[in-house]
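Working notes, structure below.
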Amino acid sequence: MASETSNDLNNVLAIVGPTASGKSALSMALAEAADKKNRCIELISMDSALVYKGMDIGTAKPTLEERSLVAHHGIDICQPWETYSAANFAKDAHRWAQEIKARGNIPVIIGGTMLYWRALTQGLTDLPPADPLLRKEIEDEAKIQGWEFIHARLAELDPITAQRLPAGDTQRVQRALEIILLTGKPMSELIAKDPYGDSRDAAKLSHHLVSLEPAQRSWLHERIALRFNQMLDAGFIEEMKRLMSNPEVTAELPSMRAVGYRQGWEYLSDLIDLEGFREKSIAATRQLAKRQLTWLRAMPSRQVFDPSKSEDMAGALNSCLTYLESHI
């Protein structure tokens, strides 16, 4: 990151939490409350799926009305066949923050892609860039042998990383295998040797982390199931058909490996039935929420609020407002 933008996100407020925990509702309430105090916030989306155009229903993307009420950044910025990384986000987030502050407004980060958050606050490990030809070789092998085979191959070469990654996390399994084939060294060894690379100092920033974490996992599971059923009613299958009709969109793309979209591809390819589509999507979303909570619990600086309790949501809003008034 360039030195001239190193402080653009200093004292940043961030609203985080697992999927379906109520982050968007809190951010909209914050925008309304801040406006009453003559303060205008703009939201920086920290979500790896919202960056893609045409992926609206399955990502629970903020509506056009919500985006007209509060400026959102990091939404609809690339095509589904393009690649967007944590490093891209870190660079863009600083630029967006600089532009927001130039307008006299306040940047607020919102989202649950915690790798993006680590890229901002700790920097990223210096790993080799993606190799398209090698990735295609791995994908072609997976089509023939299956991802369980690819995972087993990774386990032979990098057992530490393979133990951490389930075979179903195909994007990360592929990346880990790609790294060891490119460098001859396992990703676990590279990370242990240089966990943050040269960007460690450049990424440091002070922040206020408001995290929505339900005490009862069942509450979140119910919301995830309800939201997915609402997605189906809103036309998620039709959205998938439009995406799949584009020859540039393939099942191996990172965008199509997103929760719900991967299962939708299987459904429209007649690999599973409608009920299987629903059940597998809900299960995958629950697993995503579990991984997000694991990331969050490793962050002792966060302030935790239970979104299932109205008094906690009021406390989260007050915490955000208080921080904005005292630090910005």
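Length gained on full extension, K91 to S245, computed as 0.36 nm times the residue gap minus the Cα-Cα distance: 52.2 nm. With contacts taken as Cα pairs under 8 Å at a separation of at least 6 residues, segment 132-193 carries a relative contact order of 30 percent. Couplings 3J(HN,Hα) of segment 213-226, computed from phi: 9, x, 5, 9, 4, 4, 4, 5, 4, 5, 5, 4, 5, 4 Hz, in residue order, whole Hz [Karplus 6.51 cos²θ - 1.76 cosθ + 1.60, θ = phi - 60°; x for Gly and Pro]. Normalised by residue number, the volume inside the convex hull of the Cα atoms of segment 8-158 is 146 Å³ per residue.
Remind me, relative contact order of the chain in percent, using alpha carbon pairs under 8 angstrom and six or more residues apart?
It rounds to 27 percent for the chain.
Taking other C-beta atoms within 10 Å as the exposure proxy, F89, F277 rank F277, F89 from fewest upward.
In this structure, the amide hydrogen of L13, modeled 1.01 Å from its nitrogen in the peptide plane, lies closer than 5 angstrom to those of I109, H208, counting only residues at least 5 positions away or on a different chain. Approximating the spin labels as points 7 Å out from Cα along Cα→Cβ, the N229-to-Q163 distance works out to 4.1 nm. With everything on Cα atoms, drop me the angle between helix 147-157 and the longest principal axis of the chain, reported from 0 to 90° to the nearest 10. Around 90 degrees separate the two axes.
Tell me, what is the percent relative contact order of segment 252-313, built from C-alpha pairs under 8 Å that lie six or more residues apart?
Relative contact order of segment 252-313: 22 percent.
Inter-label distance, Q98 to E222: 4.7 nm, where each label sits 7 Å from its Cα along the C-beta direction.
Between R297 and N105, 0.36 nm times their residue separation minus their Cα-Cα distance comes to what?
Working it through step by step, the gained length comes to 66.1 nm.
Against the chain, whose longest principal axis is taken from its Cα atoms, helix 132-145 shows a tilt of about 60°. Averaging 1/r across all pairs of distinct Cα atoms in segment 132-193 and inverting the result yields a Kirkwood radius of 11.4 Å. Charging the Cβ of each Asp and Glu at -1 and of each Lys and Arg at +1, and nothing else, the dipole of the chain about its Cα centre rounds to 740 debye. Going from the fewest other Cβ atoms within 10 Å to the most, the residues H94, H73, H151 appear in the order H73, H151, H94. Counting neighbouring Cβ atoms within 10 Å and putting the fewest first, the residues R217, R262 line up as R217, R262.
Between 0 and 90 degrees, the angle of helix 274-297 with respect to the longest Cα principal axis of the chain falls at about 60 degrees. Give K143/K280; K37/K309; K91/K143; K53/K290; K143/K185; K185/K280 a once-over and call out the pairs whose C-alpha atoms are over 30 Å from each other. In this structure, K91/K143; K185/K280 exceed 30 Å between Cα atoms.
Only the coordinates and a few stated rules stand behind these numbers; no lab work does. What you are looking at is a predicted structure, and each value in this text was computed from that prediction instead of being measured. In this analysis, Cβ positions are derived from the backbone assuming ideal geometry, glycine residues included, and neighbour counts consider all displayed protein chains.
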